[in-house]
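To start, the structure under review is shown below, and the notes come after it.
Only the coordinates and a few stated rules stand behind these numbers; no lab work does. If you're wondering where the values come from, they're calculated on a predicted model, not measured in any experiment. Heads up, the Cβs are rebuilt from the backbone with ideal geometry, glycines too, and the neighbour counts pull from every protein chain shown.
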Amino acid sequence: MNHYVWDVTYVDAPIFRYDGTDTYYYTSDANMNVTALVDASTGLVVERYHYDPYGRVEFLVSVR
């Protein structure tokens, strides 16, 4: 089961996710769009996200 912690300054802005064994941090841009998912134990980017002009997400890197 995943547990999420959300930012108090903006609705729907995740800070990190804990799935029982691993912790992942979210990074975001100035528009509060999630731009990457970072493994807390290694500091490596697990997934990177890019948004097109219509708001559709594109996954750029996935090493999981």
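Rank-order 7-17, 49-59 by packing density, defined as the average count of other C-beta atoms within 10 Å over each peptide's residues, highest first.
Details: 7-17: 11.5, 49-59: 9.6.
The peptides rank, most packed first, as 7-17, 49-59.
Here Leu60, Leu37, Leu44 are placed in order of increasing Cβ neighbour count within 10 Å, fewest first, which gives Leu44, Leu60, Leu37.
Summary value for the range 3-62: 19 percent relative contact order, contacts being C-alpha pairs under 8 angstrom separated by 6+ residues. With the simple model of a label 7 Å out from the Cα in the direction of the Cβ, Asn33 to Asp12 spans 1.4 nm.
All distinct Cα pairs of the chain go into the 1/r average, and the inverse of that average, the Kirkwood radius, is 12.4 Å.
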